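The values are calculated or read from the model by the stated rules, or taken from the named source; none is laboratory data. Since the model is a prediction, treat every value here as computed from it, not as a measurement. Here the Cβ positions follow ideal geometry from the backbone for every residue, glycine too, while neighbour counts run over all protein chains shown. What goes into the accessible areas is simple: the full protein's heavy atoms, side chains included, and nothing from ligands, DNA or RNA. Shrake-Rupley method; radii C 1.70, N 1.55, O 1.52, S 1.80 Å.
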There are 2 protein chains.
Amino acid sequence: MSQHRHGSTPGEAGGVPAFPDLPEATIARLPEYLRALHHLAETGAETVSSEGLAAAAGVNSAKLRKDLSHLGSYGTRGVGYDVTLLVDQIEYILGLDKNRAVCLVGVGNLGHALAGYAGFASRGFRVVALFDADPKKVGERINGLTVQHIDELDRVAAEESIAIGVIATPPGTAQAVADALVAAGVTSILNFAPGVLAVPPNVDVRKVDLAIELQILSFHEHRKASLTALPGGRTAEADNQEAVGS
Amino acid sequence: MSQHRHGSTPGEAGGVPAFPDLPEATIARLPEYLRALHHLAETGAETVSSEGLAAAAGVNSAKLRKDLSHLGSYGTRGVGYDVTLLVDQIEYILGLDKNRAVCLVGVGNLGHALAGYAGFASRGFRVVALFDADPKKVGERINGLTVQHIDELDRVAAEESIAIGVIATPPGTAQAVADALVAAGVTSILNFAPGVLAVPPNVDVRKVDLAIELQILSFHEHRKASLTALPGGRTAEADNQEAVGS
DNA sequence: CGCGATTTGTGCACGCCTTCACAAGCGCCT
DNA sequence: AGGCGCTTGTGAAGGCGTGCACAAATCGCG
Ligand SMILES: NC(=O)c1ccc[n+]([C@@H]2O[C@H](COP(=O)([O-])OP(=O)(O)OC[C@H]3O[C@@H](n4cnc5c(N)ncnc54)[C@H](O)[C@@H]3O)[C@@H](O)[C@H]2O)c1
Ligand SMILES: NC(=O)c1ccc[n+]([C@@H]2O[C@H](COP(=O)([O-])OP(=O)(O)OC[C@H]3O[C@@H](n4cnc5c(N)ncnc54)[C@H](O)[C@@H]3O)[C@@H](O)[C@H]2O)c1
């Protein structure tokens, strides 16, 4: 240990304000560091060097150090970072110590999988409510929760202080669901439906679109194929496209 | 500079090489433009202005024009962009005209939902094989496909020319699955298991981690709460946890 | 045929992010 | 106590991405 104020309240050590405004790019990487740190903690490591943690998180070590330096000075030169201290610090910054309440709207194919996913609870979130518009779905029990009708959203959101909503409904209804969530006081939305959502400026939206991810991969496939074929001839890729019927 | 040759082979018009090296940021947005264009095409629009398309895709119009300019000169000043021409062009660049074969490994909670997802086929991909290591899963039929044992991966990948693999197995086995995919000739991986995958440099990996998305949202919740709390009031946030000392 | 309205394509400046390189700080060993 | 090796934290430089602002190009119309 050192004469740093270790062990004090997270977010109040060092000379850094309780809420530094971190670069977006840094914020996006903190969860990755956190996951790597949890993994390290399980293996019994007490400290970790920037080099080691960077490797575990798949980033450059200089980038990691700069990211962490934005949180304050929580490392010890010549030694590294205290794992549990850093975990607490990152969890505090990310607001994960609040055990945030999350609701899920749309218990279909995808929503069903999400509702049963254990990875939310283990990483700081509680799924506290499931909603659907289909009367046949309402009442169904999944993983200890009962699916409620979307009309209950306002009431339940207020009761449970839900600030984060997940949309897993068809694209056509996503905007309406988003509007309902906003009206119910939700200020952060994770959207799985393809398309752009319009929301007030105080509401944050992140989207996950699997087709987009695949299309980006497809581009790189295309690029790789065209590189190996550069001499200007036909590529081995061209014969792949045929109707497949089904 | 050069005569336009609209209607000719995609990728060979204008004075732009068949494969311009696009900025990563542009590549990531092309799928969004493509989705917006498909939507416009369904509504019967023949042309669209950069302003209109940008709004539909949720970006700045200057950014959109710059992105599209990298593909070549496919707009008409004073008019806008020809919708179907632009669709063809973007699909060509992304390599979607190849109707790429995709395999899915891990038919559990999430994998089951993915296997039944219609959004892949409609956006340029064919899911041609499902794999799992659990003998109880092997043989199960989902959406017209039969789950095969992971040991069949090599054979099937070769037969079907699979270049893209999706990993939906538990985190502990993700690296082993990735290794198997690479050994089978897959050069692009979409990974749903939390964690970092090590792959050869010629293989592209994209990851989707829902917990990370939620944690980023959580950070902004935390930030928003601390901002509104600055004037000295207590916030709704503080009661879930113990008070913040000092 | 020429003119004004419209919209693209892009040069440019600015800010963010990444990466390098190294001084400062820390612990350990002698 | 002092020196040595290791690691953090950061100044500086370079690259990338964004958005503005405008010239060039095209169309419609009188
Ligand atoms: N299934 C996947 O693997 C997958 C993958 C990527 C993206 N998506 C996207 O996720 C969304 C859901 O996909 P899915 O396969 O689960 O579809 P789904 O049709 O199986 O489920 C949609 C559910 O939403 C409910 N719903 C519809 N309108 C509603 C409303 N207004 N309020 C509340 N609930 C409503 C429906 O009753 C249904 O239960 C879609 O937008 C899809 O494009 C799905
Ligand atoms: N369920 C979700 O909503 C969700 C959300 C986000 C991320 N994830 C992640 O996706 C992954 C899958 O989640 P899940 O809920 O579907 O888990 P799951 O346990 O339901 O399914 C995993 C499947 O993978 C199979 N499997 C295990 N080892 C394998 C191997 N070596 N080769 C082939 N198949 C193998 C298992 O037999 C099982 O069928 C996990 O890494 C999870 O963290 C899931």
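Summary of computed values
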{"quantity": "Under 5 Å, built H, 5+ apart or other chain: amide partners of residue A:108", "calculated": "none"}
{"quantity": "Spin-label model distance (nm) - residue A:152 vs residue B:158, 7 Å beyond Cα toward Cβ", "calculated": "5.5"}
{"quantity": "Other-chain or far-sequence residues with amide H under 5 Å of residue A:207's (modelled H)", "calculated": "A:191"}
{"quantity": "Kirkwood hydrodynamic radius over Cα pairs of segment A:24-95, then Stokes diffusion coefficient at 20 °C and 1.002 mPa s, in µm²/s", "calculated": "181"}
{"quantity": "Long-range HN-HN contacts of residue B:166 with modeled amide H, under 5 Å", "calculated": "B:103, B:104, B:105, B:190"}
{"quantity": "Segment B:24-95, accessible surface, carbon-and-sulfur percent (1.4 angstrom probe)", "calculated": "49"}
{"quantity": "Using a 7 Å Cα-to-Cβ projection, residue A:172 label spacings across copies, nm, ascending", "calculated": "4.4"}
{"quantity": "Of A:63/B:207; A:98/B:63; A:98/B:137, pairs whose Cα-Cα distance is over 27 Å", "calculated": "A:98/B:63; A:98/B:137"}
{"quantity": "Apportionment of accessible area to carbon and sulfur, segment A:99-210, percent (1.4 Å)", "calculated": "55"}
{"quantity": "Chain A - convex hull of alpha carbons, volume per residue in Å³", "calculated": "207"}
{"quantity": "Exercise: per-residue mean of other protein chain Cβ atoms within 10 Å, A:108-118", "calculated": "4"}
{"quantity": "Cα-Cα P(r), segment B:99-210, percent of pairs per 10 Å interval", "calculated": "15, 53, 31, 1"}
{"quantity": "Inter-copy spacing of residue A:77 label points, which lie 7 Å from Cα along Cα→Cβ, given in nm from shortest upward", "calculated": "5.9"}
{"quantity": "Pair-distance profile P(r), taking every C-alpha pair of the protein assembly as shown, with 20 angstrom steps and integer %", "calculated": "21, 52, 26, 1"}
{"quantity": "Where A:140, B:46 fall by accessible area, highest first, once all protein chains stay in place (1.4 Å)", "calculated": "B:46, A:140"}
{"quantity": "Restricting segment A:41-142 to trypsin sites (Lys or Arg not before Pro) in coil, as DSSP defines it, with at most 13 other Cβ within 10 Å", "calculated": "A:77, A:136"}
{"quantity": "Only Lys, Arg (+1) and Asp, Glu (-1) charged, at Cβ; chain A dipole about Cα centre in debye", "calculated": "460"}
{"quantity": "Rounded Å value of the spacing that divides the Cα centres of segment A:38-55 and segment B:65-111", "calculated": "41"}
{"quantity": "Residue B:150 - accessible surface, heavy atoms, 1.4 Å probe, Å² rounded to 10", "calculated": "40"}
{"quantity": "Inter-copy separations for residue B:21, label at 7 Å along Cα-Cβ, nm, ascending", "calculated": "3.5"}
{"quantity": "Computed [θ] at 222 nm, helices only, for chain B once each DSSP H run of length n ≥ 4 contributes -39500 (n - 2.57)", "calculated": "-12500 deg cm²/dmol"}
